[in-house]
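Notes to accompany the following structure.
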Amino acid sequence: MDEKAKLTKRIQVSNKQQPADLVIKNGKIVNVFTLEVESGDVAIFDGKIVGIGDYNGEKEVDAAGKFIVPGLIDGHVHIESSMVPPSHFAHVVVPHGVTTIVTDPHEIANVAGEEGIQFMLNDSEGIPLDAMFMLPSCVPATPFENSGANLTAENLEPFYEHERVLGLAEVMDYPSTAAADQGMVNKLNDARARKRVIDGHGAGLDDHAMNIYGTAGITTDHECTTAEEAHERLRKGLYVLIREGSGAKDLEALIPLVNEKNARRFLFCTDDKHLDELMEKGSIDDNIRLAIKQGLDPMLAVQLATLNAAECYGLKTKGAIAPGFEADLLLVDDLQSFTISDVYKNGKLVAEQGEMLLEEKTVKKPNESLLNTVKLPGVTKKSLQIKSSESGKANAIKLIPNSLVTEKIVVTPSKEDGNFTASVEHDLMKMAVIERHHLTGNIGLGLIEGLGFSDGAIALTVAHDSHNLVTAGTNDEDMIKAIEEVSKVRGGLVLVKEGEVIAKLSLDIAGLMSSGTKVDAYKGLKQLDEGLEELGFKGNFNPFSALSFMCLPVIPELKLTDLGYFDGTLGKHISIEA
């Protein structure tokens with residue numbers, strides 16, 4: 001049936017000339033346009049809502065007084081951070097009411113370039129989740145580290161032809177944007193010429209920088225950590241994405257700013273959220289519950305999670321229960337607790353009581369090039385030596401729990417044979433970032449305070465955004481063992497204590513995602529959680545996520561790359577010696 005015939009049919013059903021495919025009766029309809037709760041039947045035909053009122057259907061469902069809510073939209077998410085590919089990610093978030101995501105595949109793009117983007121597009125075809133894509137704008141994120149790829153405007157341009165590509169993803173290379181670097185201007189102009197959305201990344205940027213962002217055509221920012229920052233973005237006309245992920249939890253700080261005057265410029269996102277947290281706490285549904293707990297009106301919370309996100313990204317038929325909109329909807333027992341009983345995608349029941357009704361499909365095996373991305377030099381104790389300075393003082397990264405921002409501090413580490421060593425007593429660990437894409441042999445060395453281990457070492461190939469191998473530990477021997485094990489499993493997460501691997505999870509797809517089922521990956525993560533206890537970890541944050549962001553030089557204040565310390569405030573590399 002062509003589009004003209006489909007439209008004719010829908011109008012006839014809307015006009016009650018023939019029955020709908022499905023009618024949901026006796027529900028309380030959440031109207032996100034007027035912030036009212038309506039009564040009436042919801043009539044669905046061919047995956048679209050065709051009427052609100054009194055309808056008959058081939059199939060009729062009694063909502064039994066439950067709230068009918070639009071399907072939730074995650075405004076900015078990196079699927080790779082869940083550690084499962086798109087086809088499995090759908091089975092994680094759809095039971096939590098998320099029916100549409102706006103995703104940026106820049107994690108895999110930093111490892112495998114265009115091939116990585118294409119894999120994500122291919123694997124997200126035909127899944128019970130609308131995965132809309134933004135094209136990675138900054139691969140590599142900065143010129144201050146080595147990644148696996150370099151994407152120019154010419155590399156990105158063909159992807160705009162894909163029907164699920166919405167625009168240009170988070171522009172995090174502010175210096176290149178502010179300098180009107182022609183490589184960046186080409187990317188910005190390509191998106192603007194097609195009237196596509198351009199996302200921002202304003203971590204640590206001041207009010208003047210927002211002038212430049214707005215002029216460049218950037219319309220969003222998900223990096224606000226304070227209400228003051230968010231207010232500045234609103235004044236400059238940007239949408240503010242309120243993030244609640246595994247590594248960065250900004251909702252509590254930002255939600256007091258939201259009110260009925262400005263609410264239409266806010267939406268929710270998760271950005272980076274691990275599989276175990278998604279399965280146990282939820283996705284955007286978790287944002288809604290936390291916002292309500294912080295005092296936000298439930299109707300406004302739903303509006304942020306649906307209509308606002310849809311309008312921000314030009315998704316004109318998503319985000320509302322109204323005629324002409326897609327029949328992505330939820331049945332919710334109670335708005336205050338936001339407990340979801342049923343999830344409908346395109347008018348079909350796909351999840352019930354937190355469980356998917358559809359079978360999780362097997363990931364189509366990627367090319368060998370995506371399964372063989374960890375190329376490491378031989379690492380010895382000498383490779384990890386940090387020579388002590390004359391003063392005995394050193395610069396160190398101070399981790400701030402549940403934040404991507406760090407502090408640069410000066411410490412006086414312990415010494416052994418003229419080299420700085422870790423100190424469990426002072427919660428100071430050695431850290432290394434090893435280039436793993438091109439066998440350059442680069443190893444950046446540093447010190448980190450606040451990771452919270454009393455023994456052993458951790459290593460992982462999830463290290464934003466270039467995804468080199470990052471390791472931290474209380475001793476060199478365990479760090480080396482962890483590095484070797486990560487290489488053996490083709491990338492992933494490893495914990496070592498006293499020379500023994502105590503927990504691991506293979507992330508064989510680009511060193512970022514597991515080709516196994518979501519259950520297999522979840523079990524691996526739970527074993528890692530148990531392993532953390534063996535290492536003496538007692539923090540109130542996710543150490544894997546925290547360590548993965550200690551390598552991201554675009555977020556101040558001090559980070560570690562394969563080329564050494566990078567001071568985000570000074571905009572340059574600095575030495576370990578203080």
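Of note:
- Taking Cα atoms only, the orientation of helix 182-193 departs from the longest principal axis of the chain by about 10 degrees.
- Residues whose amide H comes within less than 5 Å of that of G568, counting only those at least five positions distant or on another chain, are L558, K559 (H built at 1.01 Å from N in the peptide plane).
- Ranked E533, E577, criterion: other C-beta atoms within 10 Å, fewest first: E533, E577
- Dividing the Cα radius of gyration of the stretch 15-122 by its Kirkwood radius returns 1.13 for Rg/Rh.
- Ratio of the Cα radius of gyration of the stretch 417-512 to 2.2 N^0.38 Å, where N counts its residues: 1.03
- The string of couplings for the stretch 416-421 from the Karplus curve (6.51, -1.76, 1.60, θ = phi - 60°) is 8, 6, x, 10, 5, 10 Hz, one whole number per residue in order, with x for Gly and Pro.
- Average projected area [Cα convex hull, the chain], square nanometres: 25.2
- C-alpha long axis of helix 3-14 to longest principal axis of the chain, angle in °: 60
- For the stretch 243-287, the list of GluC sites (Glu not before Pro) that fall in a loop by DSSP and count at most 12 other C-beta atoms within 10 angstrom reads E260.
- Of all aspartates and glutamates in the structure, the ones whose alpha carbon falls short of 19 Å from that of K236, not counting any fewer than 8 places away in one chain, are E170, D199, D206, D207, D221, E223, E228, E260, E311.
- Compared with the alpha-carbon gap, the fully stretched path from S414 to D297 is longer by 36.9 nm at 0.36 nm per residue.
- Estimated inter-spin distance, L7 and E58, nm [label 7 Å along Cα→Cβ]: 2.3
- Hydrodynamic radius by Kirkwood, which averages 1/r over all alpha carbon pairs of the stretch 351-469, in angstrom: 17.4
- Between the stretch 519-555 and the stretch 229-280, the alpha-carbon center distance in angstrom: 23
- Reach of K398 by Cα under 17 Å, taken over aspartates and glutamates that are not fewer than 8 positions away in the same chain: E407, E425, D427, E449, E557, D567, E577
- For L532, L493, order by how many other beta-carbon atoms lie within 10 Å, fewest first: L532, L493
- Estimated vicinal HN-Hα couplings, Hz - the stretch 337-350 in sequence order (Karplus 6.51, -1.76, 1.60; Gly, Pro = x): 8, 6, 9, 9, 9, 9, 10, 10, 10, 6, x, 10, 6, 10
- Pairs beyond 22 Å (Cα-Cα), from K382/K538; K393/K430; K497/K559: K382/K538; K497/K559
- Using alpha-carbon coordinates, inclination of helix 476-488 to the longest axis of the chain, degrees: 50
- Here the Kirkwood formula, the inverse mean of 1/r across different C-alpha pairs, assigns the stretch 368-573 a hydrodynamic radius of 16.8 Å.
- Protection proxy ranking for 485-492, 7-14, 36-43, 323-330, using the average of other Cβ atoms within 10 Å per residue and placing the highest first: 323-330, 485-492, 36-43, 7-14.
- Net charge over other residues, Cβ less than 11 angstrom from the Cβ of L72 (K, R count +1; D, E count -1): -3
- The relative contact order of the stretch 272-361, computed from alpha carbon pairs under 8 Å that lie at least 6 residues apart in sequence, is 16 percent.
- Taking each of K273/K375; K16/K261; K28/K523; K195/K249; K59/K195; K187/K345 in turn, the alpha-carbon distance tops 29 angstrom for K16/K261; K28/K523; K195/K249; K59/K195; K187/K345.
- Put in order of Cβ neighbour count within 10 Å, fewest first, the listed residues F67, F266 become F67, F266.
Any read-out appearing in this document is the output of simple, stated calculations on the displayed coordinates, not a laboratory observation. Quantities reported herein were computed from a predicted structural model and do not represent experimental measurements. Cβ atoms come from the backbone with ideal geometry, glycine included; neighbour counts cover every protein chain shown.
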